[in-house]
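Heads up: the structure comes next, in structure tokens.
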Amino acid sequence: MNDASSNLRNDQPSPGDPDDARFEELLRIAIKARPESAAPFDLAARAMKLARAEDRAHAIDHTRRLARQRWWAQLSGLAAAMLIVAMIAGAAHRMWSRGDIAALTSTDSADTSTSTATDADSSSATATSTSTSTTTNTIAIVFVAELLVLAVVLMSISRTGPITPFGAEALAGFW
Amino acid sequence: MDENLDLAALRRGDPRAFEGLVRQHQPVVLGLCQSMGLRGPDIDDAAAEVFAAVFRSIGNFEGRSALGTWVYRIACRVIPKARRKYRARASEQPDDQQADVDQATPLEQSERNEVHERVWSAVESLEERSALVVEMHYRRGIGVDEIAEVLQCPPGTVKTLLFRARARLKEILGKHVTLREPGAGRDQ
């Protein structure tokens, strides 16, 4: 601020133009003559109050945005898990209805019958029981796989907290 | 720009230190609000917004420039925004120019004249940055280099802004103001 006079020289009109010099002087006098605006007595207090209100609004906005993001993340995670489960179930159902599992079972039963059945009379009964148990095992494996996927999804959801629409509980916690 | 403020206390958010800062810099901030054409309660609101921004970001002040320069930089960013925000409100209200006159002492009132008021009004009609530069330069006597630091632009830009502001003011005032010897306006 102290070097104002030295700086003024750089931007003043050329000394050869008396009109410009007079205008410059008129400007300076007129602008300096402007009365100062009366300062509100509580300006600092108002500013601090406003700053805190802005901070609080910012924090609420931030919390709300985070909660919304978390909600969408959980929802999409759950949807992905359900899709995987549906795909596995669908594949298992298709295999079952096309008879792939039955074919697998009959192959298994044939193997079982050649390796275990030495008694020709009892071979038919043994093959049937082995076929039933193999089918049950395949279905059980599919269900266990589905349960595992569900468990993983549920664990990941429980780690990030419960699903709440638009983070209502997060906001309640904030207040 | 005498600064005997406790920066550490300011960074801690100490209300007393902040009050000191506000007291020290409010004339310039209020003047900038005036030069941007704000009136009455809008000036108070805009100044409060400026100091609220200062209060919120004082922790980021690194001391690379003078505290005043930093405060005015914030003011130059916040006040034009506030002006745009209040423009609609201001256009609905009657012109409060008279309010300034009423607050002034008889001596101040006698010093004022039509030419001065036209100059103030012409400054308010300038482009935002030009109005700020004119206010800081002519009213507060802040040097070109410091204004450049406040506006974060080269000193040459400030000089150009001043030159253009002068030319524009001459254009606006030329129709109404007859150039007289300096100080002649006071005698009216």
Among the listed residues B:Ala75, B:Ala47, B:Ala90, B:Ala52, which satisfies the condition of being at pLDDT 90 or above, of a type outside the set (Asp, Glu), closer than 30 Å to B:Glu171 by Cα and part of a helix (DSSP H, G or I)?
-> B:Ala75
Using the structure shown, decide if B:Gln34 is modelled with pLDDT under 85 and in contact with a helix residue (DSSP H, G or I) (Cβ under 9 Å, 6 or more places away or on another chain).
-> no
Can you name the condition, by its number, that A:Thr134 falls short on among (1) modelled with pLDDT under 60; (2) among the β-branched types (Val, Ile, Thr); (3) surrounded by 11 or more Cβ atoms within 10 Å (Cβ to Cβ)?
-> (1)
A:Met95: passes all of (1) more than 24 Å from the chain's Cα centre (by Cα); (2) at pLDDT 90 or above; (3) among the aliphatic types (A, V, I, L, M) but (2)
So which of B:Val134, B:Val158 ends up being under 14 Å from A:Leu26 (Cβ atoms), under 17 Å from the mean Cα position of the chain (by Cα) and modelled with pLDDT of 90 or more?
-> B:Val134
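Every residue, every condition in (1) on the phi > 0 side of the Ramachandran plot; (2) surrounded by 16 or more Cβ atoms within 10 Å (Cβ to Cβ); (3) in contact with a Lys or Arg (Cβ under 8 Å, 6 or more places away or on another chain), yes or no:
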{"site": "B:Arg12", "(1), (2), (3)": "no, no, no"}
{"site": "B:Asp44", "(1), (2), (3)": "no, yes, yes"}
{"site": "B:Val54", "(1), (2), (3)": "no, yes, no"}
{"site": "B:Arg83", "(1), (2), (3)": "no, yes, no"}
Subset of the range A:23-53 [at the interface with another protein chain (Cβ under 7 Å from one of its Cβ atoms) and part of a loop (DSSP other than H, G, I, E, B)] | A:Ala33, A:Arg34, A:Pro35, A:Glu36, A:Ser37, A:Ala38, A:Ala39, A:Pro40
Residue match in the range B:25-34 (condition: touching a residue at least 12 places away in the same chain (Cβ under 8 Å) and either under 20 Å from A:Ala53 (Cα atoms) or not assigned by TED's automatic domain parsing to the domain that holds B:Thr69 (or both)) = no
Any chance B:Leu21 is of a type outside the set (Gly, Ala, Ser), touching a residue at least 40 places away in the same chain (Cβ under 8 Å) and either surrounded by fewer than 17 Cβ atoms within 10 Å (Cβ to Cβ) or not in a helix (DSSP H, G or I) (or both) | no
A:Ile84 vs (1) exposed (fewer than 14 other Cβ atoms within 10 Å of the Cβ); (2) modelled with pLDDT of 80 or more; (3) over 30 Å from B:Asp44 (Cβ atoms): all pass except (1)
The one condition in (1) surrounded by 15 or more Cβ atoms within 10 Å (Cβ to Cβ); (2) modelled with pLDDT of 90 or more; (3) at the interface with another protein chain (Cβ under 7 Å from one of its Cβ atoms) that B:Pro182 fails to fulfil = (2)
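The values are calculated or read from the model by the stated rules, or taken from the named source; none is laboratory data. Remember, predicted model here, so these are calculated numbers, not experimental data. Positions of Cβ are generated from backbone atoms using ideal geometry, with glycine treated the same way; all protein chains shown enter the neighbour counts.
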